[in-house]
1. Just to be sure I understand, how many residues within region 529-581 are of a type in the set (Asp, Glu) and open to solvent by less than 40 Å² (accessible area, probe 1.4 Å)?
2. Would it be correct to say that SER586 is over 26 Å from ILE458 (Cβ atoms), open to solvent by 40 Å² or more (accessible area, probe 1.4 Å) and out of contact with any Pro (no Cβ under 9 Å at 6 or more places or on another chain)?
3. When you look at LYS126, is it touching a strand residue (DSSP E or B) at 6+ places or on another chain (Cβ under 7 Å) and either closer than 30 Å to MET408 by Cβ or modelled with pLDDT under 95 (or both), yes or no?
4. For LYS354, all conditions in the list (1) out of contact with any helix residue (DSSP H, G or I) (no Cβ under 9 Å at 6 or more places or on another chain); (2) closer than 27 Å to VAL296 by Cβ hold save one; what is the number of the exception?
5. Can you find a residue that is surrounded by 19 or more Cβ atoms within 10 Å (Cβ to Cβ) and not hydrophobic (A, V, I, L, M, F, W, C) anywhere in region 398-408?
6. Among the residues of region 168-220, count how many are of a type in the set (Ser, Thr, Tyr), open to solvent by less than 10 Å² (accessible area, probe 1.4 Å) and closer than 22 Å to GLY84 by Cα.
7. Answer yes or no: is there a residue in region 281-304 that is open to solvent by less than 60 Å² (accessible area, probe 1.4 Å), outside any helix (DSSP H, G or I) and within 30 Å of ALA150 (Cβ to Cβ).
8. Failed condition for ARG236, given (1) basic (Lys, Arg); (2) part of a loop (DSSP other than H, G, I, E, B); (3) surrounded by 11 or more Cβ atoms within 10 Å (Cβ to Cβ), with all others met?
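The values are calculated or read from the model by the stated rules, or taken from the named source; none is laboratory data. Values in this document were obtained by computation on a predicted structure and should not be read as measured data. Here the Cβ is made from the backbone with ideal geometry for all residues, glycine too, and neighbour counts use every protein chain on show. What goes into the accessible areas is simple: the full protein's heavy atoms, side chains included, and nothing from ligands, DNA or RNA. Shrake-Rupley method; radii C 1.70, N 1.55, O 1.52, S 1.80 Å.
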Amino acid sequence: MNKRAILSILIPMLAATASAEVRLPGWMTSNMVLQQQTTLHLKATAKPKAKVKVTANWSREVLETRADAEGRFALDLAIPEAGGPYTLTFNDGRKTVLDNVMVGEVWFCSGQSNMEMPVKGWGRVKDFEQEVANADHPLIRLFQVKEVTALTPQTEVPYGHTNGWAVCSPEMVAEFSATAYFFARTLTEKLGIAVGVVNSSWGGTPAETWTSHEALKHVTGFEDMLKRIEELGSERVQTVYEESMADWNRQFLTKDQGLCEADIRRPKWNAETEGWQTMSLPALWEGQGLPGFDGVAWFRRVVDIPADLAGKDLKLNLGMIDDEDKTYWNGEMVAEGSGFNQQRHYTVPGRLVKAGRNVILVRVTDTGGEGGIYGKPEDMTLGGKISLAGEWQYRVGVSLKELPQQPMSPTSSWWPSACYNAMVAPFLDMPIRGTIWYQGCANVGRAEQYESLFQTLIHDWKQRFGDHPFYFVQLANYLDRHDVQPESEWAALRDAQRSALQIGGTGMMVNITLGEAGDIHPKNKKTVGQRLAMLARGHVYGQDILCDAPVPSSASYEGDMVEILFSNAEGGLETKGDKINALKLSDENGTELEWIYKLEGQSLKLELKQASAKSIHISFAQDKFFIVNLYNKSGIPAIPFTLVALK
């Protein structure tokens, strides 16, 4: 390379270094949206003791302050009404310039995988190809936060694929939260101003990791663990974990019946044909014979390899595996993977591939929630042409119930306050309009605790960001369909979510018509974003729309008639079909009662075929999966509920 070429590279690099004296918070970049009609309490650094001038071309005013001996400075910047694009300039003798800055509405978007779920990527939402192609929206700005954890609150902002704020484009939206994008798109269309959305979410995370340490100390069930963390300190807690985990892993491997006692690196069941059961794959194992199971299950499939493929490398595609796997071919491990939403694409070395009978053995480990080999049948193939979908053999290696509780890593996304520290705390000085939240699956089974935990999180964020609207998505219908409702941990978690509505400034997007029985990640994220935006439009932006779900306000029982009166049903209730789905009436003894219905304005009237009961127990949408067909005039489904009507 010649000297002139070298200089042409070095000069812009030196200029960039020279112009970067003022160091702003990581959430302040070009292309950003600032929350309109607020005051930005800016804290930043510059050259020590330098005079700092700040200008924004929405005003002629020049703000001045002086950095202290450490270079720190602070000033208040009044943000005007929506508009732009603007330029912000910070000058301590050298200029730092933010271009293409908009003033509008800023929303913080958080939760677990259904908030994380990208428009394209692993999510592939409904009509994703068309949605990505049409995602050229200059008024929408996107900020992706990288998935990281920390043991203490951080100030550095972890950048994801948008590298700060980015203008919404097909390239940027493909890997961005579908829910956040559709929410922003709806608001931009209805308000006609810029909307910025920050996506700070992480699949599979429980609510406690998003709650500050100080707030979490007041939630029952976390006291002992948090006290222990404080006693050990951040360095010692990692050492204690490593010691505990080494011991737990020894027990875990020793108890796995599928591994050889003499050499736990080798599978024992490769050649054994007795003791296996069958399961049709792909499918999560909870619905295929292993309900509520956490631990290790082994899957076995015998394949017949034609002579022309013998000795050749073979592409082995197993779909998605929740959570971890070790995959063997004829008894030799050929691959391993992790990540519940990651496709498994492996290569079987040709030296192991023989003509005729070959055995695939997959050791699947799941430590919580759903588990198994799942996805689409077409994603399970061998050599590009042999389908692996269909019947597999399976056996349980070890259940976690046989072991002490698995130690939790301090770097885990489940560690209390870990995501809050790294992915929320750095944004607390950023003015926002509100929060949208989609989470809960990781806390199913702990509904009683979640009721307190979730409300604590909301109060915590409202206090730290400043009081603001907090709108959340109730869990969708999921797993097996039933016309009546057995006891369901999913229904209990939905009730726990609903209890948070007692907090001022909250709203719940009812999601019970959008679920898919076999997929915990429903594809219709557009409606989710639109319904969340309806809450904001009605309650924040003052638009005259019916934006909340129908909620039963009273129930009466006279003669043979039960009447349920609903709020948020102005203009009347509507139903699709000749019956009200997912609705169950029973007497005080639990005997189910038959009824016929009639809709009158905001009331649902149920005429009993037998009217001898002293009290009527009413439950609506109290299962894991159901088909709901009771709506208000805005097309929003009625909220799941239980009631008792006395005669």
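1. Filtering region 529-581 down to residues of a type in the set (Asp, Glu) leaves 544, 548, 558, 560, 563, 570, 574, 578.
If we keep only those that are open to solvent by less than 40 Å² (accessible area, probe 1.4 Å) too, we end up with 548.
Summing the residues that are of a type in the set (Asp, Glu) and open to solvent by less than 40 Å² (accessible area, probe 1.4 Å) in region 529-581 gives 1.
2. Considered against the rule, which asks whether it is over 26 Å from ILE458 (Cβ atoms), open to solvent by 40 Å² or more (accessible area, probe 1.4 Å) and out of contact with any Pro (no Cβ under 9 Å at 6 or more places or on another chain), SER586 comes out as no.
3. Criteria not met by LYS126.
4. (2)
5. Residues of region 398-408 that are surrounded by 19 or more Cβ atoms within 10 Å (Cβ to Cβ), as a first pass: 398.
Those still in the list that are not hydrophobic (A, V, I, L, M, F, W, C) too: none.
Checked against the condition, which is being surrounded by 19 or more Cβ atoms within 10 Å (Cβ to Cβ) and not hydrophobic (A, V, I, L, M, F, W, C), region 398-408 yields no hits at all.
6. The qualifying residues number 1.
7. yes
8. Condition not satisfied by ARG236: (2).
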